[in-house]
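Below: one structure, written as structure tokens.
Derivation of every value follows stated rules applied to the coordinates shown; laboratory data play no part. This one's a predicted model, so the numbers in the text were calculated from it and none came from an experiment. Every residue, glycine as well, gets a Cβ built from its backbone with ideal geometry; the counts of neighbours run over all protein chains shown.
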Number of protein chains: 2
Amino acid sequence: MTEKDIQHIRDFNRFYTNIIGLVDNHILNSAYSLPEARVLYELFHHQPCTASTIMTSINMDKGYLSRVLKSFEKKGLLARKQSKEDGRASTLVLTAKGSKEFESINQASASQIKELLSRLSPGQIKEAIEHMGQLKEILSKASL
Amino acid sequence: MTEKDIQHIRDFNRFYTNIIGLVDNHILNSAYSLPEARVLYELFHHQPCTASTIMTSINMDKGYLSRVLKSFEKKGLLARKQSKEDGRASTLVLTAKGSKEFESINQASASQIKELLSRLSPGQIKEAIEHMGQLKEILSKASL
DNA sequence: ACTTTTAGTTGACAAAATCAACTATTTATG
DNA sequence: CATAAATAGTTGATTTTGTCAACTAAAAGT
């Protein structure tokens, strides 16, 4: 691995940080903050699960997460019940309202990506997705 | 662009957000915060420049930036002099110490990337970099 | 000349994130 | 079994990060 390689990688990281920033900032116009949106995403995809599951999957501080979950419960997005296997934990499930909220910001996020890519041709989009897929595949072997 | 396309893109975004998070968290073990490191990077590469230049290149609030610059000056990393062309602006230049600090965190960041990729073969690394390059090229046409 | 922009600073504040202390369970260990 | 250690989650205090608006001063536009 040469210095130039590293330079390229860091250059891409900076570039992609900006892209992600664009997408993220758009989400911020919704009723939910970025961390909230992330938690909502994880809840939707892992439910029923515990707070620990969420915590490790997005590497969020447990105190912080606890508050986010409390706010979700207060807004009626989330239902908790005592876990039967573990008396310390609660089982988390989104309510109908919670799922609906997730779908809503998920939809908004999708259409923002559509808009971002609207200047690309179908061929370019296909190419880009292929690069993403292969990049992910390669890098998955490296992380962890 | 199909729903599946969008799904892939968002999946990659989540994946890469994690990668970047890994890299960023590592930098945070230095004496500089993430925003500080970014400003230092921009200073190093754009100097001599004005605060405005930095501001637009990393999209940072001018108030926030002003404070970061002030702290850099206080630590002796940054020298300001009145711009001759524009009486409102100052020309920013890193001091020797500032450059040294930049080199130091830059070096640390590079070796962290090396470590992250240490499990990949040279061929895989080359492939990954190629995908990055092409992805960037395609997406550059889309943003803005 | 005057209005409007732009560069930068500052204060007040809000949001995001971290840390440590604490309770209550569960698991491990002698 | 007893009790020590680890884990799940909550809460309070605090720090870091980021935003917003008001302000000064210089520059540019009309």
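Observations
- Given +1 at the Cβ of Lys and Arg, -1 at the Cβ of Asp and Glu and no other charges, the dipole of the protein assembly as shown around its Cα centre is 860 debye to the nearest 20.
- Take B:THR95, move 7 Å from Cα toward the beta carbon, and the resulting point lies 5.8 nm from the same point in each other copy, nearest first.
- The Cα trace of the range B:1-56 gives Rg and Dmax of 16.4, 46 Å, the first to one decimal, the second as a whole number.
- Along principal axes, Cα extents of the protein assembly as shown, largest first, whole Å: 67, 42, 37
- Rounded to the nearest 20 debye, dipole of the range B:88-144 from Cβ charges on Lys, Arg, Asp, Glu: 200 debye
- The mean of 1/r over all pairs of different alpha-carbon atoms in the range B:3-140, once inverted, gives a Kirkwood hydrodynamic radius of 17.3 Å.
- In the structure shown, the pairs B:LYS74/B:LYS97; B:LYS70/B:LYS97; A:LYS74/A:LYS100; B:LYS62/B:LYS97; A:LYS141/B:LYS114 are assessed against 18 Å; a Cα-Cα span above that value is assigned to B:LYS62/B:LYS97.
- For A:SER140, label point 7 Å along C-beta direction: distances to other copies, nm: 2.9
- Ellipticity at 222 nm from helices only: DSSP H runs of n ≥ 4 in the protein assembly as shown, each -39500 (n - 2.57), divided by the residue count, give -23000 deg cm²/dmol.
- Angle in degrees between helix B:96-116 and the longest Cα principal axis of chain B, rounded to the nearest 10: 10 degrees
- Cut-off 14 Å between beta-carbons: net charge of the residues surrounding A:ALA89, Lys and Arg +1, Asp and Glu -1: +3
- The residues B:LEU135, A:LEU116, when put in order of fewest to most other Cβ atoms within 10 Å, stand as A:LEU116, B:LEU135.
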